[in-house]
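Report on the following structure.
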């Protein structure tokens, strides 16, 4: 049984009408355009397939005015993965764009930090500014899964499967966790929203949606420590991911990048890490 994996990013949505002010606090170039991609991730080998985050569907897209290019479930199906057969899903946090299609995985066990569930159902949600990134129906879906006995709560770092770990980060959301994966190139880290963009963690730039600034800044230091190489830290929303890692599928709506492959030769320049 192999404990190394292939890792893929499946893009399901994008927002191009953003500026740098939407991505970085105190940015001097705040008015310049700054696009955002939305992904679900697949970790797989011959023995198992693990999905990381579940994205959001057309109903949520309409409610928030943020269209999807292709529903996450459809992305997975077109990539040869039936969500109805997936047995393990890691939910990095409960924001709408990461936990919106839980019902598409009827056989799965879901892995989440206990702190995230407490946060999403606790007194902080009395404040609109704190609950804005959450959707109550998504949170209720997770509660129902708890009552169905299909949720594993973690209180700190834990192994989800051989070669797949979760590590709490916090900052953006109180129970945010990243995912550490053993690949043929070494340990890869799916940062999710611990670093939306390369620039967040490389330049220590806070993302504006932040529950705990200190935890976010500490997370920027943690991510490269967990990875075997700086090219193996994968930000959660950066369009550069599609440009520096090889595309294995692209048809106009489905775009899949292989993250455990070697990045492009100009990776360091493209991501602002040197020459």
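State the number of residues belonging to region 38-68 that are on the phi > 0 side of the Ramachandran plot and out of contact with any helix residue (DSSP H, G or I) (no Cβ under 6 Å at 6 or more places or on another chain).
Of region 38-68, the ones on the phi > 0 side of the Ramachandran plot are 53, 55, 65.
Keeping just the survivors that are out of contact with any helix residue (DSSP H, G or I) (no Cβ under 6 Å at 6 or more places or on another chain) gives 53, 65.
Number of matching residues: 2.
What number of residues within region 39-66 are modelled with pLDDT under 95 and in contact with a strand residue (DSSP E or B) (Cβ under 9 Å, 6 or more places away or on another chain)?
2
Please enumerate the residues belonging to region 74-117 that are surrounded by fewer than 22 Cβ atoms within 10 Å (Cβ to Cβ), over 22 Å from residue 161 (Cβ atoms) and either modelled with pLDDT under 95 or out of contact with any strand residue (DSSP E or B) (no Cβ under 9 Å at 6 or more places or on another chain) (or both).
Within region 74-117, 77, 103 meet the criteria.
Would you check if residue 156 is touching a helix residue (DSSP H, G or I) at 6+ places or on another chain (Cβ under 7 Å), in contact (Cβ under 8 Å) with a residue 12 or more places away in the chain and either surrounded by fewer than 22 Cβ atoms within 10 Å (Cβ to Cβ) or at positive phi (or both)?
Values: touching a helix residue (DSSP H, G or I) at 6+ places or on another chain (Cβ under 7 Å): no; in contact (Cβ under 8 Å) with a residue 12 or more places away in the chain: yes; either surrounded by fewer than 22 Cβ atoms within 10 Å (Cβ to Cβ) or at positive phi (or both): yes.
Answer is no for this residue.
Among (1) in a loop (DSSP other than H, G, I, E, B); (2) under 25 Å from residue 99 (Cβ atoms); (3) touching a helix residue (DSSP H, G or I) at 6+ places or on another chain (Cβ under 8 Å), there is one condition residue 253 misses while meeting the rest; what is its number?
(3)
Within region 120-215, considering only helices (runs of 4 or more DSSP H) that don't extend past its boundaries, which have at least 1 residues that are over 30 Å from residue 271 (Cα atoms)? Give the derivation first.
Details: elements: 128-131, 136-147, 198-202.
Filter on region 120-215 gives 128-131, 136-147.
How many of the residues making up region 2-23 are over 18 Å from residue 92 (Cβ atoms), touching a residue at least 24 places away in the same chain (Cβ under 8 Å) and part of a strand (DSSP E or B)?
The total comes to 3.
The values are calculated or read from the model by the stated rules, or taken from the named source; none is laboratory data. Keep in mind the model is a prediction, meaning the values are calculated, not measured. Neighbour counts are summed over all protein chains in view; Cβ atoms, including those assigned to glycine, are modelled from backbone coordinates with ideal geometry.
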